[in-house]
Amino acid sequence: MRKLLLLLACFVRLAQAGEEVLPPEQAFRFSVRLAATDMVEYRYAIAEGYYLYRDKFQFASGTNGVTFGAPELPPGKLKEDEFFGKVETYRGDVVIRVPMSGAEGVDEMKLKSQFQGCADVGICYTPQTRWTTLKLAMAQSAPASEGGLLSRLKNFASTEKEEEFLPVEQAFKVNLTAKDAHTLVAEFKPAEGYYLYRDKTSASIAKGSGVSIDKFTLPRGEKKSDPNFGDTEVFHRPFQAIASLKRTDAAKQEIAVDLKFQGCSEKGLCYPPTTKSVQLTLAALATTAALPIDLAKPAEEPASVAPPATARVEAQPLDETTQVARLFRGTSFWALIASFFGFGLLLALTPCVFPMIPILSGIIAGQGAHLTRTKAVTLSAVYVLGMAITYALAGVAAGLSGSMLSATLQNAWVLGAFALIFVALALSMFGFYELQVPSSLQTKFAAASSKQKGGTVGSVFIMGVLSALIVGPCVAAPLAGALVYIGQSRDVVLGGSALFAMALGMGAPLLLVGWSAGALLPKAGAWMQSVKNFFGVLLLAVAIWLISPVIPAVIHMLLWAALLIVSAIYLHAIDPLPAHTSGFRKLWKGVGVIMLLIGVALLVGALAGGRDPLQPLSGFREGAAPPSHAVAFERVRSTADLDQRIATANGRPVMLDFYADWCVSCKEMELFTFSDPKVEQALKQFVLLQADVTHNTAEDSAILKRFGLFGPPGIIFFRRGGQETGYRVVGYQPAEKFLEVLNAAAR
């Protein structure tokens, strides 16, 4: 307790005199020698302006059989301390002799010494512990005075030049921003070799401002056995703290936030408790309590009432990621799991999950006549379980590391290999393996193919794992919110459980596919081959969809054209129908004709220079210009490039869009949201920047981590002065909702 109080007393002294503070190795140099066969002598050279406490010295032997007695401490100079009264200190040079026994016949021994001191400017060091190896044979053969001198010179020669300690504002960089009208985000960045105490980090707002901090959430720190505070938690790396606010005043207002923190250097210097005050502007709230007040003065202040649409935007946190992250803090476990299961059901309707339906259907159809409803549901459950477990584990890893594994796998080699698997599965369903294959290889290949088709539980589970990693790499708001929570709190159990529940929700429709396939698919007869051919075509479509991000647009269109035209031929699109043909046969011929026409349009459009699969013949319009995106973005390659572009925005707000070729939701935003005429008009007031993270380079990872994003799609807005606003868009957003965000972020 006395040690703790002494350290706290040192911390409260003023240390902001602007002077450089020496490292402890330079402030308190010491040497040790054998003064006699039963006496060790320590010499301390204390720099000017520094002192050591007399009662903080401790000495011990680290060699078996050698013991130390009570040290012979010379009297110190009395110092009047405002907290502890009179204490004894040493300045200049001091010699301490320590008796010992049991050193006979020992060639060398290890000595431990501990001491603590301060600088006159008000900085106190943590207790310093030094281990020294003393060669007894060499020490005994030299004269006492010479041995002490040589030992000191040796100690000086072995002491490396240390850098000066950083000022507190450089050792611990702090930034505070308003995430939205209810949330503040504090970023702490300790320098290399420095750390902050978790329990010494807090935030406060002065009373009377109508705003108070309801909850200050910190991530878990690293365990550290501190010589002054015992077992505690510290932060060596940058981290974020979230402050949830309580507000009694709904109006827009300026607040002053005090961030308090305390940290140390690993070299032994501890800084006094530090407070940094930050001025922030909180957006107005459109609460029901404030609304009558505004409406009570329509004649005096009509501008304060309108427009109601703006008030709605300010009243709700438009950052869906933040809304999802709040569920973790204020919702019970089972309510959270149910919410994320519901999120999964909604995500099952997005294009990122659609390709899993033909994958699972192909696996089930590959069972042929041996399929039963029980087996179909079982295979579906195994597939969904593999997908869910992988989704949860990959999500936890992404939250802890700050990068998603699925983004790394979006390259030509991985996607190409996975597409070849689907091509092989499709060809096996068409029965092509029996053609021109030697019998010796046919048996092995057929056996391997049957395993790949999902004939065993293990292979279906692996297919679910691969599908989770490769087929659906896009980031949606629920996923981003869970990853943010995991990254900040390190609570992998709750975060992983939420992601597992969300993956189960995404897989629930797949269970319905398995149940319906087991109930509806024919068990035998000529129909079975037709069904297998149908799912073989679907698997080829998935293969084309997978490699579309890594192949040229013309090749992409030609592949779709080939698939549609060949499939139409097999549906007898160009064959004459015999007399008295059934209605079902006519229906399939009609489908084949439609596929043939679309395929020919894609083929002609690709050869004529078209590059849009949805509008392959747009280039033939009279006076049509070459296809281009309605919204033109300027690409930024790095954080430095981004900062430079924001700085030269000339007072205009900035929108930063994160994009990747393999991100389906990104292309949805381009096709359906950015192309909307109202959105296009609203975007004209912004400087439009885009970070293309397709290749997942080091620069891509750095710019994603800067904004706490784990992958595309993501949109960040900056105010006219360059400061980030509280509005973000993660995942696909329809034009109407995105337009509300644009109007709010532009102010």
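The values are calculated or read from the model by the stated rules, or taken from the named source; none is laboratory data. Source: prediction; values computed, not measured. Note: ideal-geometry Cβ built from the backbone for every residue, glycine included; neighbour counts use all protein chains shown. Surface accessibility is based on the protein's heavy atoms, side chains included, excluding ligands, DNA and RNA. Shrake-Rupley method; radii C 1.70, N 1.55, O 1.52, S 1.80 Å.
Given the stretch 30-139, what strands (runs of 3 or more DSSP E) lie entirely inside it while holding 3 or more residues that are over 30 Å from D226 (Cβ atoms)?
Because the criterion is at least 3 residues that are over 30 Å from D226 (Cβ atoms), the strands (runs of 3 or more DSSP E) in the stretch 30-139 that meet it are 93-101.
If I ask for residues that are open to solvent by 30 Å² or more (accessible area, probe 1.4 Å) and in contact with a strand residue (DSSP E or B) (Cβ under 8 Å, 6 or more places away or on another chain), which ones from the stretch 42-55 would you list?
R43, R54, D55
Scan the stretch 610-626 residue by residue and report those that are modelled with pLDDT under 80, farther than 16 Å from F672 by Cβ and either assigned to a loop (DSSP other than H, G, I, E, B) or of a type in the set (F, W, Y) (or both).
G610, R611, F620, R621, E622, G623, A624, A625, P626
Name the pairs whose Cβ atoms lie under 7 Å apart, with the first residue in the stretch 573-588 and open to solvent by 100 Å² or more (accessible area, probe 1.4 Å), the second in a loop (DSSP other than H, G, I, E, B) and not charged (D, E, K, R), and 6 or more positions between them or separate chains?
K586/L577; W588/L571
Scan (1) at pLDDT below 70; (2) surrounded by 19 or more Cβ atoms within 10 Å (Cβ to Cβ); (3) closer than 18 Å to M356 by Cβ for the single condition L415 breaks and write down its number.
With respect to (1) at pLDDT below 70; (2) surrounded by 19 or more Cβ atoms within 10 Å (Cβ to Cβ); (3) closer than 18 Å to M356 by Cβ, L415 is out only on (1).
I need the full set of residues from the stretch 221-245 which are among the basic types (K, R) and at pLDDT 85 or above, in order please.
K223, R237
Got a number for residues in the stretch 641-681 being open to solvent by 10 Å² or more (accessible area, probe 1.4 Å) and either of a type in the set (V, I, T) or over 20 Å from the mean Cα position of the chain (by Cα) (or both)?
Matching residues across the stretch 641-681 total 23.
Between residues in the stretch 607-620 that are more than 14 Å from H556 (Cα to Cα) and in contact (Cβ under 8 Å) with a residue 60 or more places away in the chain and residues that are surrounded by 12 or more Cβ atoms within 10 Å (Cβ to Cβ) and of a type in the set (K, R), which pairs lie under 6 Å by C-beta distance while being six or more apart or on different chains?
Once the first residue is more than 14 Å from H556 (Cα to Cα) and in contact (Cβ under 8 Å) with a residue 60 or more places away in the chain and sits in the stretch 607-620, no partner that is surrounded by 12 or more Cβ atoms within 10 Å (Cβ to Cβ) and of a type in the set (K, R) comes close enough.
Quick one: count up the residues across the stretch 716-730 that are closer than 26 Å to L483 by Cα and touching a Gly at 6+ places or on another chain (Cβ under 8 Å).
Adding up the residues that qualify gives 3.
Could you tell me whether any residue of the stretch 183-205 is over 20 Å from the mean Cα position of the chain (by Cα) and modelled with pLDDT under 85?
There is no residue in the stretch 183-205 that is over 20 Å from the mean Cα position of the chain (by Cα) and modelled with pLDDT under 85.
Please go through (1) over 30 Å from G102 (Cα atoms); (2) in contact (Cβ under 8 Å) with a residue 24 or more places away in the chain for F59 and return the number of the only condition it doesn't satisfy.
Of the numbered conditions (1) over 30 Å from G102 (Cα atoms); (2) in contact (Cβ under 8 Å) with a residue 24 or more places away in the chain, the odd one out for F59 is (1).
Across the stretch 683-702, what is the number of residues that are among the hydrophobic types (A, V, I, L, M, F, W, C) and modelled with pLDDT under 90?
Residues that pass the stated criteria total 3.
Report whether or not I594 is surrounded by fewer than 19 Cβ atoms within 10 Å (Cβ to Cβ), modelled with pLDDT of 90 or more and either over 30 Å from P712 (Cα atoms) or not basic (K, R) (or both).
It is true that I594 is surrounded by fewer than 19 Cβ atoms within 10 Å (Cβ to Cβ), modelled with pLDDT of 90 or more and either over 30 Å from P712 (Cα atoms) or not basic (K, R) (or both).
Being within 14 Å of F239 (Cβ to Cβ) and assigned to a strand (DSSP E or B) is the filter here; which residues of the stretch 175-199 pass it?
Scanning the stretch 175-199 gives N175, L176, V185, A186, E187, F188, K189, P190, Y194, Y195, L196, Y197.
Do we find that V484 is modelled with pLDDT under 75, surrounded by 23 or more Cβ atoms within 10 Å (Cβ to Cβ) and either closer than 27 Å to L709 by Cα or more than 20 Å from the chain's Cα centre (by Cα) (or both) in this structure?
Taking the combined requirement at face value, the residue satisfies it.
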